[in-house]
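Chemist: Below is one structure. I have some questions about it.
The values are calculated or read from the model by the stated rules, or taken from the named source; none is laboratory data. Remember, it's a predicted structure, so these values are computed and weren't measured experimentally. Virtual Cβ from ideal backbone geometry, glycine too; neighbours counted across all protein chains shown. What goes into the accessible areas is simple: the full protein's heavy atoms, side chains included, and nothing from ligands, DNA or RNA. Shrake-Rupley method; radii C 1.70, N 1.55, O 1.52, S 1.80 Å.
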Amino acid sequence: MGGFTRGGGSTLTEQLAEHYAQRIRQRLLAPGTRLPSVRDAARRHGISPHTVVAAYDQLLAQGLVEARRQRGFFVRDRRAPEPRPAPARVAPAGPPLPPVDATALIRGMFHSGTDQPAPGLGTLPLDWLDPALLSTALRRVLGQNEGALALQYGQPAGDMRLRQALALRLGGLGLQASAEQIVTATGATHALDIVSRALLAPGDAVLVDEPGWAVEFARLSQLGMRLLPVPRGADGPDLAVLETLAREHRPRLYVTISVLHNPTGNSLTPAGAYQLLRLAEQHDFRVVEDDTYGELAPAHLPRLAALDGLQRTLYVSGFSKILTPGWRVGYVAAPPSLIERLIDVKLLSTLTTPAILEQALAYCLEQGSLRRHVERVHARLDGARQRAVQLALDHGCRFVTPPQGLFGWVDTGVDTEVLAQRLHDQGWLLAPGHLFHARRRPSTLMRINFATSQHARFWQAFDRACGR
């Protein structure tokens with residue numbers, strides 16, 4: 001099962017040690033992760049317990065893992081100083097530490113080493129994308145400008161043609177914003193970073209959804225912010241908890257997803273959106289609305305920024321999830337009073353953004369080719385969702401929230417961190433539940449991508465890994 005062979009250039013012990021060492025170096029096994037027990041690893045790889053112990057000893061000697069008495073072997077944090085004997089102590093209270101495995105899932109996308117569908121993927125499959133749409137747009141823009149766009153910096157706020165097209169698009173969502181209220185970025189994640197750096201200072205409290213995206217938790221924590229997790233359920237954020245946190249900690253921002261939340265897939269109701277905005281006004285914090293997956297949602301779903309009129313809200317979105325991950329074009333729409341501050345931060349981080357990509361995207365918006373592509377994706381996703389949901393139910397999973405959009409939030413009944421390790425050995429990339437919590441803790445939940453989870457062979461492997 002582990003793919004190890006006898007009589008080759010290295011022993012079984014060396015092969016097993018290198019198997020785990022490689023995963024640790026690539027951060028597919030994050031610091032703090034527990035290695036499989038000796039008995040479990042021996043059974044999984046078809047080797048003797050003695051061989052496993054010898055391999056783990058090699059990892060200890062390399063400083064990649066540490067042994068904890070009566071608990072097992074754990075991946076070491078190589079950024080930390082060398083351990084030395086010391087009396088046990090209680091960790092001081094403080095803000096949640098950034099999840100050190102925030103990049104594990106992302107790295108897995110680039111180091112999967114397999115062509116199998118990835119149920120934990122955060123994007124559409126490659127064969128769902130439309131390369132012809134992109135190449136046509138790029139050729140047209142290059143022809144119109146005779147290549148000049150590729151030879152010069154873009155405008156500080158972003159290409160005006162794109163910002164005008166975005167203003168029209170936002171109008172279709174009921175959000176009235178002029179082109180002058182829009183600043184482009186290198187993807188939605190960069191737009192969120194611009195907002196954070198412009199509006200926050202180290203030590204500020206920030207409300208975040210939990211479950212939520214670990215990359216956002218880690219990014220904010222790295223900037224020195226105090227995270228205040230707000231429980232997110234089938235009906236949206238727990239507003240009673242949010243109000244208590246706002247009253248006690250006086251947060252500066254609430255970073256949230258109002259439509260097709262990642263990972264639960266739910267969306268705010270108009271009543272919930274109204275109450276949330278009322279709390280923001282009452283407790284004087286701004287709301288950053290991340291609409292990264294908005295292209296996959298019905299236009300009629302309420303956006304906080306549309307209800308608020310960009311007074312206390314900032315709206316962030318991008319196109320990598322619907323077009324291609326390689327087109328890193330995102331943007332933020334904000335109140336006029338914040339625009340110059342956002343542009344200054346953008347200039348310090350990236351100077352400007354690529355005008356050629358921005359004008360190509362503007363062309364897709366102007367010609368309606370993006371709209372037609374979105375309609376095709378919606379139809380295909382509806383079918384994939386139906387198949388994936390039925391397979392998940394047939395294999396013993398329970399949906400915690402109603403299945404919508406690209407993601408399903410499912411309860412497997414088993415520890416999904418252990419499950420993810422087992423299935424990774426077989427080439428399957430999962431998104432276990434602990435990735436979506438501000439504080440690392442065991443979870444039986446996982447996020448599935450409906451577009452990449454509609455294959456019976458994955459669910460058969462899932463059953464075997466669960467011991468069913």
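Chemist: So which residues in segment 298-316 are over 18 Å from Ile194 (Cβ atoms), among the hydrophobic types (A, V, I, L, M, F, W, C) and buried (at least 22 other Cβ atoms within 10 Å of the Cβ)?
Modeler: Across segment 298-316, the qualifying residue is only Leu304.
Chemist: Something else about it: Restricting to segment 249-261, give me the number of residues that are modelled with pLDDT of 95 or more and of a type in the set (S, T, N, Q).
Modeler: Number of matching residues: 1.
Chemist: Applying the selection to segment 444-464, what residues are open to solvent by less than 10 Å² (accessible area, probe 1.4 Å) and part of a helix (DSSP H, G or I)?
Modeler: Phe450, Ala451, Thr452, Phe458, Trp459, Ala461, Phe462
Chemist: Among the numbered criteria (1) under 17 Å from Ser369 (Cα atoms); (2) part of a loop (DSSP other than H, G, I, E, B), which one does Ser135 miss?
Modeler: Here Ser135 clears every test but (2).
Chemist: For the structure I just gave you, tell me whether Arg250 is open to solvent by 30 Å² or more (accessible area, probe 1.4 Å) and out of contact with any helix residue (DSSP H, G or I) (no Cβ under 6 Å at 6 or more places or on another chain).
Modeler: yes
Chemist: Go through the residues of segment 374-393 one by one and say whether even a single one is under 17 Å from the mean Cα position of the chain (by Cα), open to solvent by less than 10 Å² (accessible area, probe 1.4 Å) and not acidic (Asp, Glu).
Modeler: There is no residue in segment 374-393 that is under 17 Å from the mean Cα position of the chain (by Cα), open to solvent by less than 10 Å² (accessible area, probe 1.4 Å) and not acidic (Asp, Glu).
Chemist: Is it the case, given these coordinates, that Glu340 is at pLDDT 95 or above and farther than 30 Å from Gln454 by Cα?
Modeler: So Glu340 passes the test.
Chemist: Same structure, new question: Restricting to segment 44-68, what's the tally of residues that are under 33 Å from the mean Cα position of the chain (by Cα), more than 12 Å from Leu12 (Cβ to Cβ) and not acidic (Asp, Glu)?
Modeler: Summing the residues that are under 33 Å from the mean Cα position of the chain (by Cα), more than 12 Å from Leu12 (Cβ to Cβ) and not acidic (Asp, Glu) in segment 44-68 gives 10.
Chemist: Go through (1) crowded, with 18+ Cβ neighbours inside 10 Å; (2) over 14 Å from Arg163 (Cα atoms); (3) of a type in the set (S, T, N, Q) and name the single condition Ser349 misses.
Modeler: (1)
Chemist: Restrict the check to segment 41-50 and report whether at least one residue is within 22 Å of Ala431 (Cα to Cα), outside any loop (DSSP other than H, G, I, E, B) and in contact (Cβ under 8 Å) with a residue 60 or more places away in the chain.
Modeler: Yes.
Chemist: With respect to Val241, is the statement that it is under 22 Å from His434 (Cβ atoms) and crowded, with 17+ Cβ neighbours inside 10 Å true?
Modeler: no
Chemist: Another question about this same structure. Any residue at all in segment 289-297 that's at pLDDT 95 or above and either assigned to a helix (DSSP H, G or I) or open to solvent by less than 10 Å² (accessible area, probe 1.4 Å) (or both)?
Modeler: Scanning segment 289-297 turns up at least one residue that is at pLDDT 95 or above and either assigned to a helix (DSSP H, G or I) or open to solvent by less than 10 Å² (accessible area, probe 1.4 Å) (or both).
Chemist: Kindly indicate which of Val183, Val141 is assigned to a helix (DSSP H, G or I), in contact (Cβ under 8 Å) with a residue 12 or more places away in the chain and touching a Phe, Trp or Tyr at 6+ places or on another chain (Cβ under 8 Å).
Modeler: Val141
Chemist: I'd like to know if segment 317-327 contains one or more residues that are modelled with pLDDT under 95, open to solvent by 10 Å² or more (accessible area, probe 1.4 Å) and among the hydrophobic types (A, V, I, L, M, F, W, C).
Modeler: The answer is yes, given that some residue of segment 317-327 is modelled with pLDDT under 95, open to solvent by 10 Å² or more (accessible area, probe 1.4 Å) and among the hydrophobic types (A, V, I, L, M, F, W, C).
Chemist: Sticking with this one: Those residues that are under 19 Å from Leu28 (Cα atoms) and of a type in the set (Asp, Glu), I need them from segment 51-77; list them, please.
Modeler: Glu66, Asp77, listed by residue number.
Chemist: Taking interchain pairs and intrachain pairs at least six residues apart, which have beta carbon atoms under 8 angstrom, with the first residue in segment 225-242 and closer than 16 Å to Tyr274 by Cβ and touching a residue at least 24 places away in the same chain (Cβ under 8 Å) and the second β-branched (Val, Ile, Thr) and open to solvent by 30 Å² or more (accessible area, probe 1.4 Å)?
Modeler: Matching pairs, first to second residue: Asp235/Thr269; Gly236/Thr269.
Chemist: Among the numbered criteria (1) acidic (Asp, Glu); (2) at pLDDT below 80; (3) open to solvent by less than 50 Å² (accessible area, probe 1.4 Å), which one does Asp159 miss?
Modeler: (2)
Chemist: Please list, ordered by first then second residue, the pairs with beta carbon atoms under 9 Å, 6 or more apart or interchain, first in segment 452-468 and within 14 Å of Thr416 (Cα to Cα), second β-branched (Val, Ile, Thr).
Modeler: Phe462/Thr412; Ala465/Val414; Ala465/Val418; Cys466/Thr412; Cys466/Val414; Gly467/Val414
Yes or no, residue by residue, for (1) modelled with pLDDT of 95 or more; (2) among the aliphatic types (A, V, I, L, M); (3) under 27 Å from the mean Cα position of the chain (by Cα):
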| site | (1), (2), (3) |
| --- | --- |
| Leu138 | no, yes, no |
| Gly143 | no, no, no |
| Glu146 | no, no, no |
| Leu149 | no, yes, no |
| Tyr153 | no, no, no |
| Gln164 | yes, no, no |
| Leu168 | yes, yes, no |
| Gly172 | no, no, yes |
| Ile182 | yes, yes, yes |
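Chemist: Scan segment 248-262 and give yes if some residue there is acidic (Asp, Glu) and under 19 Å from Leu406 (Cα atoms), otherwise no.
Modeler: Checking segment 248-262: not a single residue is acidic (Asp, Glu) and under 19 Å from Leu406 (Cα atoms).
Chemist: Does Val410 fit the bill of being closer than 30 Å to Phe74 by Cβ, modelled with pLDDT under 95 and among the β-branched types (Val, Ile, Thr)?
Modeler: Considered against the rule, which asks whether it is closer than 30 Å to Phe74 by Cβ, modelled with pLDDT under 95 and among the β-branched types (Val, Ile, Thr), Val410 comes out as no.
Chemist: May I pose another question? Between a first residue in segment 253-269 that is closer than 26 Å to Gly203 by Cα and a second residue that is of a type in the set (Lys, Arg), which pairs have beta carbons less than 7 Å apart while being 6 or more apart in sequence or on different chains?
Modeler: Going by the 7 Å Cβ cut-off, the qualifying pairs are Leu253/Arg286; Ser258/Arg303.
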